[in-house]
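As structure tokens, the structure follows; a few thoughts come after it.
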Amino acid sequence: MRAIHVASAVLLGAGALTSCMPPADAAMRPDFRFGVEPSVVEPGGRVTVYVERNHACRGEAAVNSPVFDLVTIPRHESRARAVVDRDARPGAIYDVEFACDESSGTARLIIAGGRPTHHPTEHPTHHSRHPKGVHAGEGGTVAGFDVRNIGLGAALIAGSLGAAYHFSRRRTDEDAG
């Protein structure tokens with residue numbers, strides 16, 4: 001009988017946790033399409049950055065990366081060119097941040113030569129819908145974590161486990177008496 005109570009608590013906790021999470025692809029999908037061509041380039045090489053215009057990207061688009069100067073794509077154009085720094089580290093993978101109107105996202109740029117320092121993602125990653133400048137210094141193991149969401153998830157799990165424990169103890173007392 002005790003195994004049923006433990007299984008109930010685990011299922012309740014898992015259900016509470018998953019109901020608060022957005023679908024994986026919804027959290028990763030920006031409001032407009034963008035990219036870097038080519039996605040692998042030699043130090044000192046040229047890349048084309050582009051945005052596909054839609055309702056979420058009608059104005060001027062800003063493209064920023066640690067390996068080239070800020071690039072602006074004018075409102076009636078979709079492409080611009082950038083020159084990668086000659087001192088870009090071979091094998092490194094750099095984020096290229098796109099911001100247009102109220103939307104933003106990140107693509108990856110790989111510097112040719114050497115071995116990659118980490119694995120690139122296949123799809124662009126999503127950042128805040130309201131850009132507040134360049135995201136610098138987000139390294140280590142906690143980059144991208146939202147403390148408020150982690151706290152909410154932990155509270156939901158703790159609450160569901162506490163409720164399951166309470167009900168299992170109450171039923172045990174009823175069975176004993």
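The values are calculated or read from the model by the stated rules, or taken from the named source; none is laboratory data. Just so it is clear, the model here is predicted, and its values are computed rather than measured. Calculation scope for accessible area: heavy atoms of the full protein, side chains included, ligands and nucleic acids excluded. Shrake-Rupley method; radii C 1.70, N 1.55, O 1.52, S 1.80 Å.
At a glance:
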| item | result |
| --- | --- |
| Solvent-accessible surface (1.4 angstrom probe) belonging to D87, in square angstrom, nearest 10 | 130 Å² |
| Phi-based couplings in Hz for segment 151-158 (Karplus 6.51, -1.76, 1.60; Gly and Pro marked x) | x, 5, x, 5, 5, 5, 5, 4 |
